[in-house]
1. Give the angle, between 0 and 90 degrees and rounded to the nearest 10, that separates the Cα long axis of helix 257-271 from the longest principal axis of the Cα atoms of the chain.
2. Can you work out the FRET efficiency for the pair Asp343 and Arg111, with r the C-beta to C-beta distance and R0 = 25 Å, to the nearest 0.05?
3. Picking from Ile137, Ile104, Ile94, which is most flexible by a Gaussian network model of the chain using Cα springs under 10 Å?
4. If the only charges are +1 at each Lys and Arg Cβ and -1 at each Asp and Glu Cβ, what is the size of the charge dipole of the range 54-168 around the Cα centre, to the nearest 20 debye?
5. Under 5 Å between amide hydrogens, which residues at least 5 positions from Ile71 or on another chain qualify, with H placed 1.01 Å from N in the peptide plane?
6. Which value, in debye to the nearest 20, describes the size of the charge dipole of the chain about its Cα centre when Lys and Arg Cβ atoms bear +1, Asp and Glu Cβ atoms bear -1, and nothing else is charged?
7. Between Arg236 and Ala35, what FRET efficiency follows from the Cβ-Cβ distance if R0 is 41 Å, with the result rounded to 0.05?
8. Take every Cα pair under 8 Å in the range 190-382 that's 6+ residues apart, average their separations, divide by the length, and report that relative contact order as a whole percent.
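Coordinate-derived values only; no laboratory data. These numbers come from a predicted model, not from an experiment. All Cβ positions, even for glycine, are placed from backbone atoms using ideal geometry, and neighbour counts span all protein chains on display.
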Amino acid sequence: MPPAPIPIGDGRSSTAAFRPADLDSLREVVRDQVAAGEAIYPQGGGTALDYGGIPARPGVAVDTRSLDRLIDYPAADMTITIEAGMTLAALRSILDGQGQRLLIDAPNPDRATLGAIYATNTSGPRRFGWGRPRDQIIGVAFVTSDGALVHGGGRVVKNVAGYDFPRLLTGSMGTLGVLAQLTLKVRPKPEATAIAWVPMPDPSAIADRLDALNTSSTRPVAIELLNAPAAAVVGRLAGVGLPAEAPALVVGFEDNADSVRWQLERLGAEVGVTDRTIVEGESARSLWDALTAFQAEAPGPLSFVANVRPSSVATMVQSLDPSRWAAQAHAGNGIVRAHALGDWTSNEAEAAIAPLRARAVQDGGNLILSRCPTDWKTRLRVWGEPRADWAIAERIRAALDPHQSMNPGRFVVG
C-alpha cells in the first residue's frame, strides 16, 4: 500500500507517494506508475516544490531521500560518488573528514538533496570563483520513464561519448529522468577565508568600484552587490554585527592565509576601498551562509532571477525601487536576484516584470520567476522569453520521455 498523497507544489497533491529504498525499487516504481498512466513528480527535501511551471496532470510523488548512500570516495582522486537523495549537509560532513569540500553553495543544506540541487541548477555567491554546478559533475545515473537505469560519464574527469548526460541532467527539472547517483569533483578546503563588506551609500560609485575589480590583481571568489533591503536581510541572517543600513559591495576571498591577507590589502589600494568591515573565520562562514540563504527568502509574493552582462548589473540593481525590491546580484556573473516587498497585485507584478525582462533580453539574457503565486504563473511566464534552444530541449525530452511522464508542466517544454 503506497503512502498517502503529499504536496507536489502549487497547491497540487500527488495521487500517491513512494519513497523507494534502493535503485531497484526506484526503477520498479517509475516503470509501474508510468505504465499505469501516472505522471512522476520527483522530490527530495521539498525546498523547491513551487519552482517552475504548474504540474500538468495527476501523478505520484517519488521521494528520493532514502537513496542517500555513499557509493565511492577515493579522496586522493578528489572525486566522490553518492546517491542523489543525500543532503548537501551530509555530504559536507563526509568531505570534512578528508579536509575537502564540494564547490557548490545552496540554501537549506540540511534539507536540500544533491539530486534536487542539480535538477534545479542551484548555485550561490561563490559561483564566480568556483564555477557552475555543471562544472563539478562528471558522472550521473538516472532512471528514465520506462524504468531503465542510464549511466553517463564516470569517475574519470575526461569522459565524452554521445550525450553529455551529467551536464544535460543539470537543470533539467527532473523532466528527463529521476536522478539516482552523482559523481562529483571535490577540492581541498582553503586555509583561510575572508569577506570585505563595503557600504556603498553613494550609488553613483558602485559601477566604478565594479569596473575597478575587473582590472584588479586580486582574485575574489565572490563579488556581491546588495541594495539596502537585501543588505539588511543578509546582515540579520549573518548575525555578525555588520553595518547593513546602506547598499553594500561584498567581496569574498579564499586561499592560503598569506594570499588572502595580500588580496585584502590590494583591494584597498587598487579598488579604493577604505570604509570596509573585514569578516574572517567563523564569522565569515556565517556571512557566506547568509549570502547563500538570501535566495530562499520570501518577504513578498514573487521573486525573479535575471541574467545580464556583468557591466549591466549596477544599472539593473539601481533601477529597482528599494521600497519594493530586495536585490542581490552576483555581480561577477551578471546574475541579479530580487524579492518583491510588501503587497502586490498581478497587474502590478506584470507591469514591473515586463520592462526588466525586456532589458535582460536586450542584453542577451533572460528573466525568470523563481517564485510567484500559482495563478500568476502563466500570465507572467515563469521561464521568461522563449529561446531557440528550447526546441532542442523538446527533442531530447521526446527521446528520453516520449509520453512526457516525468515532472510534466514544470519545465520550459512539454
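1. 60 degrees
2. With a Förster radius of 25 Å, E is 0.30.
3. Residue with maximal mean-square fluctuation among Ile137, Ile104, Ile94: Ile94.
4. 320 debye
5. Amide H neighbours of Ile71, under 5 Å, 5+ apart: Thr81, Ile82, Glu83.
6. For this selection, approximately 620 debye.
7. 0.25
8. It rounds to 25 percent for the range 190-382.
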